[in-house]
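The values are calculated or read from the model by the stated rules, or taken from the named source; none is laboratory data. Since we're looking at a predicted model, the values are computed, not measured. Methodologically, a virtual Cβ is constructed for each residue, glycine included, from the backbone with ideal geometry; neighbour enumeration extends over all protein chains shown. These area figures cover heavy atoms from the full protein model, side chains too; ligands, DNA and RNA do not enter into them. Shrake-Rupley method; radii C 1.70, N 1.55, O 1.52, S 1.80 Å.
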Amino acid sequence: VQALLDDGPELIDRFVSGTAMLARARAGAPSEAARLAELLEHRAASEAGAANLQQTDLFDQYTRVLKAMSREHPLILVVDDLQWADLGSIGLLFHLGRRLAGSRLLLVGAYRPGDVALGRPAAGSGWERHPLEPVIHEFKRDLGDVHIDLAQAEGRQFVEAMLDTEPNHLDAAFRELLHRHTRGHPLLTVELLRGLQERGGLTKDESGRWIAGPALDWETLPPRVEAVIAERMSRLPEDWQSMLAAASVEGEEFTAEAVARVQMEDERQVVQRLSGPLSRQHNLVQAQGLQWLDGQRLSRYRFRHFLFQKYLYNKLDPVQRAHLHESMGNTLETLHGEQAGELAVPLARHFEVAGMTVKAVEYLLQAGNRDVRLFANEEAIAHFRHGIDLVRRLADTPQRVQIELALQLALGVPLLATRGFSDAELAQTYGRARE
């Protein structure tokens with residue numbers, strides 16, 4: 001109260017409620033209550049001077065009050081969500097930052113870099129530079145390295161720390177899945193955990209420790225997470241959203257040249273978008289590296305978070321997915337040429353979703369045979385079994401018979417290697433092949 005009366009009287013009833021302040025002063029600072037009451041009465045009786053008050057006067061008074069208070073006690077002033085701050089608040093922030101040197105006051109400002117990098121809607125149309133950006137640059141120039149990148153806290157370490165804030169029996173497999181889905185992004189991690197708890201995916205045992213429940217579901221995005229992602233995507237032009245949707249069909253990692261061909265766009269333009277605004281401003285993707293394959297350049301990118309890819313993919317209807325998977329499968333075949341067999345598993349998935357069952361099964365057969373050569377027998381068994389399940393959907397034709405025969409014979413090899421001659425599934429597999 002004394003600091004406001006001595007150094008910032010014009011802040012009363014502008015930044016601080018005078019009536020509420022007077023009630024508290026009478027209870028806790030009676031010596032100052034009379035001065036405050038007199039000030040409020042005088043202000044109520046006269047509006048003179050209010051119109052002539054300048055913004056810089058308010059800023060100076062605000063600064064003097066904080067300095068006076070910090071002489072009594074060290075202060076920490078935390079200002080959150082600066083990306084939404086108005087021009088007056090950002091002006092005050094700049095004023096404080098320039099004049100608080102030597103005071104026992106720590107000023108902490110938090111903001112979302114992605115929102116600031118995007119700018120703000122201009123008065124007419126389009127976007128303009130965010131007013132916070134030049135202030136941040138000025139602080140860095142005058143005060144040195146005052147910027148803390150909270151993205152550095154992302155990762156497995158954050159996931160582990162977040163989970164262990166409460167007693168739990170969550171194993172390494174659960175922790176790995178949570179990290180894979182969120183990449184340690186704080187908001188996504190917290191909200192995904194909260195969503196799992198609300199839907200029963202995580203429950204407490206008799207001792208009050210969190211455990212994975214029977215309703216564990218990684219596919220459903222919590223409403224707040226979906227809303228945050230939807231807001232970020234809505235700021236993109238429609239053709240950029242369409243491009244990223246095509247990329248989501250290839251997976252969390254994708255090839256720029258493949259996306260360009262699927263979308264029938266110029267490859268250089270797609271790379272410029274991905275490495276430019278979508279990476280630096282929107283922070284949605286990041287470059288992984290460049291590969292040359294038989295004279296063909298392949299530019300690899302990945303979504304910053306698995307949930308971005310998942311959100312875009314889930315927005316596609318079944319018809320869109322089928323068409324995009326077919327186009328992506330055919331494009332990847334062309335790009336990789338004779339090396340397409342190295343992508344047998346993803347190609348099988350593309351053609352399966354596209355409804356091209358025969359082609360999907362052929363790639364599953366290739367994938368299984370490759371795993372057998374690498375002694376990855378369990379993976380090979382899974383691919384052959386999946387291929388047999390798909391074959392059963394086909395009409396009874398000579399082609400179907402040939403494909404199933406190849407799969408049954410191929411399945412016998414890893415079964416024999418892992419189960420031995422007495423295995424019942426092995427007998428059934430060779431029996432069906434003989435039939």
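Using Cα pairs closer than 8 Å and at least 6 residues apart in sequence, work out the relative contact order for the chain, in percent. Mind showing how you got there, number by number?
Values: 472 pairs, mean separation 31.7, N = 435.
Across the chain, relative contact order equals 7 percent.
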The chain - charge dipole about Cα centre, Lys and Arg +1 at Cβ, Asp and Glu -1, debye rounded to 20: 260
For segment 223-240, Karplus couplings with θ = phi - 60° (6.51, -1.76, 1.60), whole Hz, Gly/Pro x: x, 5, 5, 4, 5, 5, 5, 4, 5, 5, 5, 5, 7, 8, x, 4, 5, 6
Long-range HN-HN contacts of HIS305 with modeled amide H, under 5 Å: none
Residue-count net charge about ILE12 - beta-carbon cut-off 13 Å; Lys, Arg +1, Asp, Glu -1: -3
Anisotropy class of the chain from Cα gyration tensor, a/c 1.5 cut: prolate
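Kindly report the accessible area of segment 178-262 per residue (heavy atoms of protein chains, probe 1.4 Å, no ligands, DNA or RNA), in Å². Please list the in-between numbers first.
Values: 3620 Å² over 85 residues.
With the other protein chains kept in place, segment 178-262 gives 43 Å² per residue.
When only DSSP loop residues count, what chymotrypsin sites (Phe, Trp or Tyr not before Pro) in segment 326-406 have their Cβ near at most 13 other Cβ atoms within 10 Å? Intermediate values should be presented prior to the final figure.
On the way: sites: PHE351, TYR363, PHE375, PHE384; in loops: PHE375.
Loop-located and lightly packed - PHE375.
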Reach of LYS359 by Cα under 20 Å, taken over aspartates and glutamates that are not fewer than 8 positions away in the same chain: GLU250, GLU326, GLU333, GLU338, GLU342, ASP371, GLU379, ASP389, ASP396, GLU404
Heavy-atom accessible surface of the chain: percent carbon and sulfur, 1.4 Å: 52
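With a 1.4 Å probe and every protein chain left in place, work out the accessible area per residue of segment 316-403 in Å², rounded to a whole number. Present the calculation step by step, with values, prior to reporting the outcome.
Details: 4640 Å² over 88 residues.
For segment 316-403, the solvent-accessible area averages 53 Å² per residue.
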Lys/Arg +1, Asp/Glu -1 at C-beta; the chain dipole; positive extreme among PHE375, ALA173, LEU106: LEU106
Prolate/oblate/rounded label for segment 286-398 (Cα gyration tensor, a/c 1.5): oblate
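Rounded if a/c is under 1.5, else prolate if a/b beats b/c, else oblate: with a ≥ b ≥ c from the C-alpha gyration tensor eigenvalues square-rooted, which is segment 1-85? Let's see the in-between values first.
Numbers: a/c = 1.79, a/b = 1.18, b/c = 1.52.
Because a/c hits 1.5 or more and a/b fails to exceed b/c, segment 1-85 counts as oblate.
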Within straight-line cross-link reach of LYS67, aspartates and glutamates at Cα separation under 14 Å, skipping those fewer than 8 residues along the same chain: ASP6, ASP7
